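One structure below.
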Amino acid sequence: MKTLLLISAAVVPALPLFAGVLQGGTAAHSYIEDVDPMIGTGLKGHGHTYPGAVFPFGFVQLSPDTGTHGWDHCSGYLGSDKTIIGFTHDHLSGTGCADLGDILLQPATGAILLDPGDENKPRSGYRSAFSHADEKAVPGYYSVLLKDYGIKVELTATAHAGLHRYTFPEGTPGHVVIDLVHGVNSEPLDAQLRVVDSTTLSGYRRSHGWAKDKTLYFVAKFSMPFESYGLQSDGQIVSGTSQIRNQNVRGYVSFSAARTPLLVRIGLSPTSVEEAGKNLAAEIPDFDFNKTRAIAQQAWQRELSKISIDSTDPAARRTFYTALYHTMLAPNFYNNADRSYRGPDGKVHSADFNYYSTFSIWDQFRAWFPLTTLTEPGAVNPLIRTMLADYQQLNQHALPVWPLCGNETWCMIGYHSVSMIATAYRSGFRGFDLEKTYAAMRDTALNDRNGQAQFRTLGWLPSDKIRASVSRTLEYAYDDWCIAQIAKALGKKDDYLQFSKYAANYRNVFDPATKFMRGRNEDGTWRTPFAPNVFYRSDYTEADAWQYAWFVPQDMDGLISLMGGNEEFADKLDSLFDQDSTVVDTVPDISGMVGQYAQGDEPVHNFAYLFNYAGQPYRTQKRIRQVMAALYNSTPDGIPGNDDCGQMSAWYVLSAMGLYPANPADGNYMIGSPLFHKTTIHLDPEYYHGGAFTVLADNNSDKNIYIQSAKLNGKPLTRSWLRHEEIAAGGTLELAMGPQPNKVWGSATKDLPSSSLADALAEKK
């Protein structure tokens, strides 16, 4: 498989990142300039993103930390903060839990202080005040002025390494603090700091946080010899040694004012100091900051050019391309340049594929992964093989749920790895052992963790016994449908029928009186009291009853029937957007409210597209435009909730293109209402042979949001959906747009997307 990024092997050795040769984009246009990494860093929007320097999907995320505790510091950075603690080398993008922020460096002048100090007491520690006016953030580069010291900090990164450049005030001596105690919501378990020679430090930080046991190794090389150093253990300077190991380790190196700037290149590894050094030597062999920055930005230019849009509105371009940028930050490959990695069993393994971690599966299976099959097809097989490796190494009879830095966190509900596997297979990917993978899928579903035994025997999870009972019932039902599709492909008829039966268990939590998915006790009675806008922890995950009422992607026909038919279904769905937005006993994840539609969390993400199933796509067009206009923009608060490793952004990218996979694993993309006159996906020719797929929206505007008619490759199209293979084959979808709904287009029974369990349930073994 050829290497994606056409970069010298001396910089990034034989490790293909997300493989494939990129098409499209013109040399004259810089997509880098269309991205603002500050989008999502605001306090109000709770995007939980970071602004620092990172390589596409890179192991290293080199960014400033402004805080370490609390929900809004999940990425380590919050735009409303006034001080920077220091610069660390790994960060989470848009998550709702906090961790990482390892291996902190902070340049300083004056008295040597090895504690970060109080943000409200200047010079009480090594942290420094800063101003957004002195920040610059673009893909692959970040800079800021530390106001307390007058030091300009610049950062760039490659796949496994980071490069710092510090410009000190002329004639002023300085020093660099190395803090291995610091972490974002994680506690150090063990750390080592070693002075190798007068220009080199090495060590590691082992920590406990969301990732229960994580170790990050490093080698740091300075561009000039330091004149002195100090090592601190448990708050006390230790003299007469060049190496310390303890739970709480910090240190510093000091420099004269003879030369500036000072550069620090640092290699990282999940397995050893030796591998960190190898990664550094391979990717940043010298102190040429501008060359390293150019390499990172070349990589980003090529990634961002995979989708081109026809828009001259700078704000619209920033919103779109920043969203696309955010989809390319996670998961991160978690191996060394030679593909060795530390697995969830704590052992070092070798592989012939890229091993990934920081994988927000509960979020990313919905839109991020289908988008990946189109824009990053070279990642798909390795991601599935990573899941199978985790299954084997975990030895827990379960595919991964939320892997983080080689740890399994078991965070969130369902077992949506199976959706990604089914999506990959349905999209034509065959680079994994399907029999072994299916065995892992089946084993995952048939174990008895988290109420899965009751799901199979009772038919639902009892509200009086198991937390998030309704959400789990619905998500297990969808996941089992995904398993049924692979069983069918393998000719395993009994399994196909059995898992299809489990997929129908959603009906057991549908209350025909209220027409909501409702908590049900073990004895079959409905939980009381009940109000659809109350967050009942025993019933729902990060949602209320409104926000799970339509989560049945595997059987929309069945759900429509339960709700009384197309009109009743569509009217109730439409009313979702017009309800009072109050959620009682809420959690912060329920955000980005349009009525009771909560775009800021994932359960609703396909809801606005479900009108297509009821033959009323004009309502989809209205609501999609409403959500995009109300909740996404080019400001720091321009993401309506946790970006969740790019899922929130992937929703926007696909929706702005006018396409969305309402059921990720069935290969259908609903047609919505594209934002731009022209959008083109430049397909990777190694995987797809169509060249490009273009969506043209003639007469498109903020008012002309409704589709009047459609053509696919010049032929009339009366259905409101496309198949994956139609997109993958390349071509043009042409939409005529207007200001009034066309209630006929996409309404004929023969043109409705199919989503039904009826045939499988009627079939006998």
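When you check Val195 against the structure, is it open to solvent by 10 Å² or more (accessible area, probe 1.4 Å), in a loop (DSSP other than H, G, I, E, B) and either in contact with a Lys or Arg (Cβ under 9 Å, 6 or more places away or on another chain) or aliphatic (A, V, I, L, M) (or both), yes or no?
no
So which residues in region 381-412 are small (Gly, Ala, Ser) and part of a loop (DSSP other than H, G, I, E, B)?
Within region 381-412, Ala398, Gly406 qualify.
Open to solvent by less than 50 Å² (accessible area, probe 1.4 Å) and in a helix (DSSP H, G or I): is that true of Tyr415 in this structure?
Taking the combined requirement at face value, the residue does not satisfy it.
Going by the structure shown, is Thr241 closer than 20 Å to Thr109 by Cβ and not in a strand (DSSP E or B)?
Spelling it out, it is not the case that Thr241 is closer than 20 Å to Thr109 by Cβ and not in a strand (DSSP E or B).
Inspect all residues belonging to region 471-492 and state whether any of them is touching a Leu at 6+ places or on another chain (Cβ under 6 Å), polar (S, T, N, Q) and within 28 Å of Arg442 (Cα to Cα).
Yes, that holds for at least one residue.
Test Pro116 against the criterion of being open to solvent by 20 Å² or more (accessible area, probe 1.4 Å), modelled with pLDDT under 95, outside any strand (DSSP E or B) and over 30 Å from Trp410 (Cβ atoms), and give yes or no.
no
Tyr613 versus (1) within 23 Å of Gly70 (Cβ to Cβ); (2) over 26 Å from the mean Cα position of the chain (by Cα); (3) open to solvent by less than 10 Å² (accessible area, probe 1.4 Å): which is the lone unmet condition?
All conditions pass for Tyr613, except number (1).
Answer yes if at least one residue in region 88-99 is open to solvent by less than 10 Å² (accessible area, probe 1.4 Å), among the hydroxyl-bearing types (Ser, Thr, Tyr), closer than 28 Å to Val249 by Cα and assigned to a strand (DSSP E or B), and no otherwise.
Checked against the condition, which is being open to solvent by less than 10 Å² (accessible area, probe 1.4 Å), among the hydroxyl-bearing types (Ser, Thr, Tyr), closer than 28 Å to Val249 by Cα and assigned to a strand (DSSP E or B), region 88-99 yields at least one hit.
Does His160 qualify as being within 22 Å of Leu231 (Cα to Cα), open to solvent by less than 30 Å² (accessible area, probe 1.4 Å) and at pLDDT 95 or above?
no
Using the structure shown, decide if Gly658 is open to solvent by less than 10 Å² (accessible area, probe 1.4 Å), on the phi > 0 side of the Ramachandran plot and in contact with a strand residue (DSSP E or B) (Cβ under 8 Å, 6 or more places away or on another chain).
The answer is yes for Gly658.
Check whether at least one residue in region 469-478 is more than 20 Å from Gly519 (Cβ to Cβ) and open to solvent by 10 Å² or more (accessible area, probe 1.4 Å), and report yes or no.
Among the residues of region 469-478, not one is more than 20 Å from Gly519 (Cβ to Cβ) and open to solvent by 10 Å² or more (accessible area, probe 1.4 Å), which makes the answer no.
Please go through region 233-272 and give me each residue that is within 20 Å of Ser198 (Cβ to Cβ), of a type outside the set (A, V, I, L, M) and open to solvent by less than 10 Å² (accessible area, probe 1.4 Å), ordered by number.
Result: Gly251, Gly267.
Among the residues of region 291-317, write down those that are of a type outside the set (Gly, Ala, Ser) and closer than 18 Å to Val54 by Cβ.
Within region 291-317, Lys291, Thr292, Arg293, Ile295, Gln297, Gln298, Trp300, Gln301, Arg302, Glu303, Leu304, Lys306 qualify.
Going through region 131-145 one residue at a time, which ones are touching a residue at least 60 places away in the same chain (Cβ under 8 Å), in a loop (DSSP other than H, G, I, E, B) and either within 25 Å of Ser256 (Cα to Cα) or open to solvent by 10 Å² or more (accessible area, probe 1.4 Å) (or both)?
Answer for region 131-145, where residues must be touching a residue at least 60 places away in the same chain (Cβ under 8 Å), in a loop (DSSP other than H, G, I, E, B) and either within 25 Å of Ser256 (Cα to Cα) or open to solvent by 10 Å² or more (accessible area, probe 1.4 Å) (or both): just Glu135.
In region 566-574, is there at least one residue being touching a residue at least 60 places away in the same chain (Cβ under 8 Å) and either touching a helix residue (DSSP H, G or I) at 6+ places or on another chain (Cβ under 9 Å) or more than 18 Å from Tyr476 (Cβ to Cβ) (or both)?
No, that holds for no residue.
Between residues in region 523-550 that are part of a loop (DSSP other than H, G, I, E, B) and residues that are at pLDDT below 95 and among the charged types (D, E, K, R), which pairs lie under 6 Å by C-beta distance while being six or more apart or on different chains?
Taking only residues 6 or more apart or on different chains, the pairs are Phe535/Asp585; Glu542/Asp589.
Which one is farthest from Asp179 (Cα to Cα) among residues in region 249-303 that are basic (Lys, Arg) and at pLDDT 95 or above?
Checked region 249-303; the qualifying residue farthest from Asp179 (Cα to Cα) is Arg302.
Show me the strands (runs of 3 or more DSSP E) entirely contained within region 246-339 in which 2 or more residues are farther than 25 Å from Pro685 by Cα and aliphatic (A, V, I, L, M).
Result: 249-255, 262-269.
Is region 164-171 home to any residue that is surrounded by 24 or more Cβ atoms within 10 Å (Cβ to Cβ) and at positive phi?
Looking for residues that are surrounded by 24 or more Cβ atoms within 10 Å (Cβ to Cβ) and at positive phi, one finds none in region 164-171, hence no.
Do we find a residue being touching a Leu at 6+ places or on another chain (Cβ under 7 Å), of a type in the set (S, T, N, Q), within 22 Å of Asp310 (Cβ to Cβ) and surrounded by 12 or more Cβ atoms within 10 Å (Cβ to Cβ) anywhere in region 712-723?
no
Output the number of the condition that Thr215 fails; it satisfies all remaining conditions of (1) open to solvent by 50 Å² or more (accessible area, probe 1.4 Å); (2) under 29 Å from Ala330 (Cβ atoms).
Among (1) open to solvent by 50 Å² or more (accessible area, probe 1.4 Å); (2) under 29 Å from Ala330 (Cβ atoms), the lone unmet condition for Thr215 is (1).
Report whether or not Ser242 is at pLDDT 95 or above, within 23 Å of Asn407 (Cβ to Cβ) and out of contact with any Ser or Thr (no Cβ under 7 Å at 6 or more places or on another chain).
Criteria not met by Ser242.
Examine region 734-757 for a residue that is of a type in the set (Ser, Thr, Tyr), surrounded by fewer than 15 Cβ atoms within 10 Å (Cβ to Cβ) and assigned to a helix (DSSP H, G or I), and state whether such a residue exists.
Looking through region 734-757, at least one residue is of a type in the set (Ser, Thr, Tyr), surrounded by fewer than 15 Cβ atoms within 10 Å (Cβ to Cβ) and assigned to a helix (DSSP H, G or I).
Are any residues in region 709-733 within 13 Å of Ile671 (Cβ to Cβ) and not in a loop (DSSP other than H, G, I, E, B), and if so, which ones?
Ser709, Ala710, Lys711, Leu712, Trp721, Leu722, Arg723, Glu726, Ile727, Leu733
Test each condition in (1) under 26 Å from Pro739 (Cα atoms); (2) in contact with a strand residue (DSSP E or B) (Cβ under 7 Å, 6 or more places away or on another chain); (3) assigned to a loop (DSSP other than H, G, I, E, B) for Ser581 and report the one that comes out false.
(1)
Please specify each residue of region 177-202 satisfying the condition of being closer than 18 Å to Gln243 by Cβ and small (Gly, Ala, Ser).
Ala191, Ser198, Ser202
The values are calculated or read from the model by the stated rules, or taken from the named source; none is laboratory data. Given the structure is predicted, the values throughout are model-derived calculations rather than measurements. In this analysis, Cβ positions are derived from the backbone assuming ideal geometry, glycine residues included, and neighbour counts consider all displayed protein chains. Quick note on the areas: whole protein, heavy atoms, side chains included, nothing else; ligands and nucleic acids left out. Shrake-Rupley method; radii C 1.70, N 1.55, O 1.52, S 1.80 Å.
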